[in-house]
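First comes the structure, then the notes that go with it.
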Amino acid sequence: MDKDSFEQVYIQYHKVVYAYLLSLCRSEELAADLAQETFYKALRGIDRFQGECALNVWLCSIAKHALMDYYRRHRREAPAPEQVPDSPDADPLPGEKLEQRQAALVLYQALHALPEPYREVFWLRVYGELSFAEIGALHGKTENWARVTYYRARTKLKEALP
């Protein structure tokens, strides 16, 4: 693969890789840095890509390993997801804001309590916006496995929430 065709790969898949990393680490800065590292590693190892899976799945696999390496180097756990900031034009009353924060905290606690692979499959589907086929390929499983795992995760979340 030459430089121009790899540039096209970057243009086509950068947003997907960035969104995937952001869904895992919840840090825009870290996701951007790791996305760059992912494409650097992909360029260096493009000769090892055999086409057994979609290119975006291969890139997300590299991204996941880059994130695990980052956490290993920094010897810390993945940060807890932060609450999405409120939109500036919708300013809720103080009581409503407290209720929203508590509801979000309960949801994040339930998501954090999900066992693997349910948690990751749920995050990949909802926040990473990957298809079931892509999730299955990322885990070395089938599309059906990803679909079933996602729905089981959703069921477990519904049971955990009041």
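The values are calculated or read from the model by the stated rules, or taken from the named source; none is laboratory data. Being a predicted model, the structure only gives us computed values, none of them experimental. Heads up, the Cβs are rebuilt from the backbone with ideal geometry, glycines too, and the neighbour counts pull from every protein chain shown. All accessible areas refer to the heavy atoms of the entire protein, side chains included, with ligands and DNA or RNA removed. Shrake-Rupley method; radii C 1.70, N 1.55, O 1.52, S 1.80 Å.
Descriptive notes on the structure:
- In region 23-36, the residues that are open to solvent by 50 Å² or more (accessible area, probe 1.4 Å) and either farther than 21 Å from HIS74 by Cα or in a helix (DSSP H, G or I) (or both): GLU28, GLU29, ASP33, GLN36
- Among the residues listed as ALA66, ALA90, the single one being more than 19 Å from ALA146 (Cα to Cα), modelled with pLDDT of 75 or more and either in a loop (DSSP other than H, G, I, E, B) or touching an Asp or Glu at 6+ places or on another chain (Cβ under 9 Å) (or both): ALA66
- Qualifying helices (runs of 4 or more DSSP H) (wholly inside region 98-162; at least 2 residues being basic (Lys, Arg), touching a residue at least 12 places away in the same chain (Cβ under 8 Å) and at negative phi): 118-126, 143-160
- Considering only residues in region 115-133 that are aliphatic (A, V, I, L, M) and surrounded by 19 or more Cβ atoms within 10 Å (Cβ to Cβ), the one that is farthest from ALA153 (Cα to Cα) turns out to be LEU130.
- Selection count where residues are within 10 Å of LEU124 (Cβ to Cβ) and at pLDDT 90 or above, scope region 134-145: 0
- Scan region 38-60 for residues that are in contact with a helix residue (DSSP H, G or I) (Cβ under 7 Å, 6 or more places away or on another chain), open to solvent by 50 Å² or more (accessible area, probe 1.4 Å) and assigned to a helix (DSSP H, G or I) and the total you get is 2.
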